[in-house]
Structures are given as C-alpha cells and as structure tokens.
Amino acid sequence: MSEVRDTWRKPPFIASPLLRYGLYAAVAIYFVFTLVTLPIDWDRVADGMTRAQRIFSGAFPPSFERSGLLIDGFLESLKIAILATVGGIALSVPLAFMAASNISIKPIYFLGRGIIIVARSFHPVIVAIIFVKAVGFGPFAGALTLVVYSIGFVAKLLAERIEEIDFGQVEAMRAAGAGFIPTLAYAVMPQIMPRLVGLGIYQLDSNLRASAVVGIVGAGGIGATLANAFGRYDYDFALAITMVIVGVILVSEAVSGFVRKRIA
C-alpha cells in the first residue's frame, strides 16, 4: 500500500528535471560569458571606489543651508508634474478611443496604437534630451517630456479598459439614434471614468518621481538642482536634496495609494 502524503508541494515550472537543470546551467553559463566579455575596466572600478569614499565622506552631514534653492526646485518639479499630468491625460483620452479596437475603425485603430507604441518606446531621459535640444534647458522641456511619458502609460491602459466595457450600452445608444460623440460621452465614458481617475492619480505620482530624473539632463525641477550640486562638488547639499526627493516620493506614494483605495 502506497504512502499518502499529507502535505501539498507546488509542482515545478518545468516538469522534466533534465530540461529544468539544463536551463539553469544555460543561464549560469550565459551570465558568466556576459560578465567576462563586457568591456569592464576593473582598474577604473577600483579607482571609483576611492572616489565614492570621497563623495560619501563629503556628503555627511547633509547641508540644508540653501533651503531656498531646494524648495524652489521642488516646487518647479511639482508644477512640471501637474502640468504634464493634465496635458498627458487630455491627449490620452482621444488617443485611447482611437486605439480601442471595439470603438475605432481599423485605420484609426492602427494610427492610435502606433502613436502609443512610439510614446512608450523611449525612456523619459532620452525624450528629455531631445526636448532640451529642441526647446532649450528648463521646465518646459521637462513638461513636454512627461506629457509623452504620460501618453505612453495612460492611453495604453485606458484603451485596454475601453475594450473591456459592456458593449450593450453602446448598442442601446446606437439603436436610439445617438451619434458617435454622444455615444462615447454617455455609454463609454461613465464606464471608464473610475479607471481614468485612478490612472490620473497614479500618473501624477509617477510624473513627480520622473521629474527628478529628467531634470538631471537639463529639463528643470529638483533634478536640475541636484545636478548643479554635484557639478559644484557640494555633496552635502546633494545629499540633502536626495533626502528631500526620497521623502516627497514616500509621501506622494502613500497619498496616491490611499486615494486609489478610496475610489476603487
């Protein structure tokens, strides 16, 4: 009589032991091969440890003496994030309708999807460099960068939500003789509004974080203040800026998470 096991064990992702351990070995070999073939200058890495020690020793204790610059940079980042979120959502809504296969005709659908794919294809830092070259240094380049960043995220998820709506309401509006715009306004928008509000809150939080990153390449905000501090070797002031960025992001994350739970 076979023994009955009284505990459940999750089956492995790959049932065949030979294939499973072969895959582990292939990943390990690839990791070692990549590490060996990468052009890493280990002498420079060793020198970098010395420089890092000098930076950290100069960063403590953090200096908040120039708090005016810090506050100005943070307020600029906040303005960039709000402007980019409002502009990004305003552009994302029509793009989402264009990119929803159950609403748009095929040419419009492919155009909308293509715009979203392009907006999602580049990291915000790359987009920021392009806009800095196009419109110059400052917050305007940062706002334009985060508008593109917002479109890539909000329009995609909103289009997917539109494709999941109860299409019976749309058919009822069409049967009643409603036009295309009234149908969108009264049959589609009420169904996607909770998702749109949630995405807007999340994107505002995300844009506030991203504004600190794109500012390093000259797109304004607290990131530009941080880059200038490093350029002047003011490591103690740079640490103070970093602490403020982390604190603001933590508070922003907590507030946005609370609001999203309330509207869910």
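Within region 219-256, how many residues are of a type in the set (Gly, Ala, Ser) and loosely packed, with under 13 Cβ neighbours inside 10 Å?
Initial filter on region 219-256 (of a type in the set (Gly, Ala, Ser)): 219-221, 223-224, 227, 229, 231, 238, 240, 247, 252, 254, 256.
Of the ones still in play, those that are also loosely packed, with under 13 Cβ neighbours inside 10 Å are 231, 247, 254.
The number of residues fulfilling the criteria is 3.
Among 132, 125, which is the only one that is in a helix (DSSP H, G or I) and crowded, with 21+ Cβ neighbours inside 10 Å? None of the others qualify; the one that does is 132. Just one residue in the set 246, 259 is in a helix (DSSP H, G or I) and closer than 19 Å to residue 154 by Cα; that residue is 259. For region 70-106, enumerate the residues that are touching a Phe, Trp or Tyr at 6+ places or on another chain (Cβ under 8 Å) and of a type outside the set (Ser, Thr, Tyr). The answer is 70, 84, 88, 98, 99, 100, 102, 103. Within region 156-193, the set of residues being in contact with a Lys or Arg (Cβ under 9 Å, 6 or more places away or on another chain) and more than 15 Å from residue 102 (Cβ to Cβ) comprises 156, 157. The residues listed here are 68, 58; of these, the one that is surrounded by fewer than 10 Cβ atoms within 10 Å (Cβ to Cβ), of a type in the set (Gly, Ala, Ser) and within 30 Å of residue 222 (Cα to Cα) is 68.
Taken together, the values in this text are just the output of simple stated rules run on the coordinates, not laboratory data. Please read these numbers as outputs of a predicted model, since none were measured by experiment. Glycine gets a Cβ as well: all are built from the backbone with ideal geometry, and neighbour counts include every protein chain shown.
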